[in-house]
Amino acid sequence: MIEKELRNFDIRQIAESGQCFRMTELAAAETAVSAYRVISGSRMVDVVQRGSRVTFDCTEEDFPYWEEYFDLKTDYGEYISSIDENDDYLRRAAAFGSGIRILKQDVWEMIITFVISQQKTIPNIRALVEALCREYGSRVEISAGSFYDTFPAPEQLNAASLTDLQALKLGYRAKYIKKLCEDACSGALDLGLLKQMNAQAAMTYLQGFYGIGKKVASCVCLFGLHHVDAFPIDTWIRKILMREYACRCRSSTLERLPQARRCEYLVGRYFSGYAGYAGVMQQYMFHYEIHCGKTGRV
């Protein structure tokens, strides 16, 4: 059992931020306590938080993995304090989600998870990910009658036929997942090489595979490879950029751009000042938007 005093860490906000789909809330004896079971790849930890005191139910040997996973060595308070004082929207979003951290998750899991996420609500994504783990992962016993299922490795998931995947209600994503499994098992998709690439090279590499577009590649870079400058643009972020930032832009350049490129222009104009951690700002905005009376869609 490892106990830490942590600033800018809120396990509930992290679980609800849309970057991880294998965090399950546990029953807590006290109302002021947040408790979650977190599964990443083949590992599991229970996290209990009382204010700034956070307990990780793991051994000393396992803790370095979770320390890196939750990015605990980074001072997110510095990120928040760097926000432009004139950007009221971003300051509100960061204050609202000040406990969010960018997780460093298993890159294979992120590839498959965010392929699944296309046009799916967060509860749907969670259900589909759990179905894959239940059917093709490995079962790990925690104690008598208690267990969890690991996220399937490429070889495990490749054992599923296209028909098997379609039976899990993956829809058109089933063919993407099947091809990605084949590519990972053949070495065409080299996960080891991918982990060594910089952000730009990783984006280009990932988009060369069937079923991975720019948004999915950005999510894999941000949440799997920990390229914290990645800035995924989805439906929610597009809405924020056009509502909160397009109106500030007096440049005629924006009007001349095709609709598809306007958001990229706005990101470059208003978030270049956060070079190296723009993805943190993206998460603050995404979390703020989906928790203001709206239903979360990734």
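Just so you know, all these numbers are worked out from the coordinates, no wet-lab data involved. All values reported here derive from a predicted model rather than from experimental measurement. Cβ placement follows ideal geometry from the backbone for every residue including glycine, while neighbour counts extend to all protein chains displayed.
Side notes on the structure shown:
- Here Rg/Rh (Cα atoms, Kirkwood Rh) was computed from the coordinates, and among [x] 1.03; [y] 1.31; [z] 0.96 the match is [z].
- Label separation (ALA275 vs ASP62): 4.1 nm, computed from points 7 Å beyond Cα along the C-beta direction.
- SER251 versus TYR205: modelled label distance in nm, points set 7 Å from Cα along the beta carbon direction: 3.1 nm
- Magnitude of the charge dipole, the chain, Cβ model with Lys/Arg +1 and Asp/Glu -1, debye to 20: 1460 debye
- Additional length obtainable on full extension of the chain from GLU78 to SER161, 0.36 nm per residue less Cα span: 25.1 nm
- Rh by Kirkwood over Cα pairs, then Stokes-Einstein D for segment 235-290 at 1.306 mPa s and 10 °C, µm²/s: 135 µm²/s
- Summing charges over all other residues whose Cβ lies under 11 Å from the Cβ of PHE114, with Lys and Arg as +1 and Asp and Glu as -1, gives +1.
- Exposed GluC sites (Glu not before Pro) absent - longest run of the chain, DSSP non-H/G/I/E/B, at most 10 other C-beta within 10 Å: 86-298
- Dipole-positive endmost among TYR172, ALA28, SER146 within the chain (Cβ charges, Cα centre): TYR172
- Near-label residues of segment 137-163 by backbone N, under 12 Å of a point 7 Å along Cα→Cβ of CYS185: 153-162
- Separation of alpha-carbon centers, segment 168-232 and segment 108-142, rounded to whole Å: 15 Å
- Stretchable slack from ASP71 to ALA260, in nm (0.36 nm times residue separation minus alpha-carbon distance): 64.8 nm
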